[in-house]
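The values are calculated or read from the model by the stated rules, or taken from the named source; none is laboratory data. Note that the coordinates shown come from a computational prediction; the quantities given were computed from them, not determined experimentally. What goes into the accessible areas is simple: the full protein's heavy atoms, side chains included, and nothing from ligands, DNA or RNA. Shrake-Rupley method; radii C 1.70, N 1.55, O 1.52, S 1.80 Å.
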Amino acid sequence: MEIRRFFVPPSAVHGNDVSITGEEFEHLSRVLRYKVGYTLTVCPGNGEELDCTLTEISQDGAVAHIDGRRIGESELPYSVTLFQALPKGDKTAYIVQKCTELGAAEIVPFTSARTEETKYNRARMRRVAAEACKQCGRSVLCEVGELTDFTDVLSRAAGFDVAVMPYELEPSGRIGDVKGLDRASKIALIIGSEGGFTPEEAEAARAAGVRTVSLGRRILRCETAGLVALAVINYEKGELGR
């Protein structure tokens, strides 16, 4: 039987026991129909993976005994926050799923001058991220933020070691050439919507200390650009093929 992964807050751990409630309990009890004695892996959000055995199931939650603890090996040794301009339709779910698999610590959607979509379901995107974390064996949930705007993104960019923004009109400059990327522990990656960024937005980003870069000669779709840029960051930081 496959050993499934469940995510809980750090406060759910009490000595050698851990409580599972809420949506994770619903999935455990009603979807997977786990019973007392089943084994599972519980991740309390601090990078640990707890090997557990279910000891109690009630109407409101479950309790598992911690048989062993280990540090998860799937998380990146640096943090990447993806700021993604809100795309049309269901592209957001695809971006959240794939960038979670690539190790993004946080994904924050935003509106910009050429954003046309207005609908955003944060609760659903958090579920998409959680499922992706389970599928790829992560030990820390990728957080999905509230919808914000480009001005706020540029304000937040100052809090990162490096902020990178692929821009289709940037004539040169690779992600790997960004100064300080090799040493950065906190990285912001800013991706536009289907229409890209306006020249005024690109200039505002540069004025805020964001490095605009090129992703090559071809213009990528918005749901492709974030994946490529995040993969390039991981490659430049030595995290692919390990």
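Listing for the model above:
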read-out: Rounded percent of accessible protein surface that carbon and sulfur make up, the stretch 102-143, 1.4 Å probe; value: 47 percent
read-out: Kirkwood-based Rg to Rh ratio, the stretch 64-125, C-alpha trace; value: 1.14
read-out: Potential extension, Asp67-Glu131 segment - 0.36 nm per residue separation minus Cα distance; value: 20.6 nm
read-out: Orientation-averaged projected area, Cα convex hull of the stretch 177-237 (nm²); value: 4.5 nm²
read-out: Compactness relative to 2.2 N^0.38 Å, alpha carbon Rg of the chain; value: 1.11
read-out: 1.4 Å probe accessible area per residue over the stretch 18-110, in Å²; value: 44 Å²
read-out: Rg/Rg_ref, the stretch 92-202, where Rg_ref = 2.2 N^0.38 Å and atoms are Cα; value: 1.11
read-out: Centre separation in Å (Cα based) which lies between the stretch 185-242 and the stretch 57-86; value: 27 Å
read-out: Mean residue ellipticity (222 nm) of the chain, computed from DSSP H runs ≥ 4 via -39,500 (n - 2.57), nearest 500; value: -8000 deg cm²/dmol
read-out: Cross-link pairs beyond the 31 Å C-alpha cut-off, checked among Lys134/Lys237; Lys98/Lys179; Lys119/Lys179; value: Lys119/Lys179
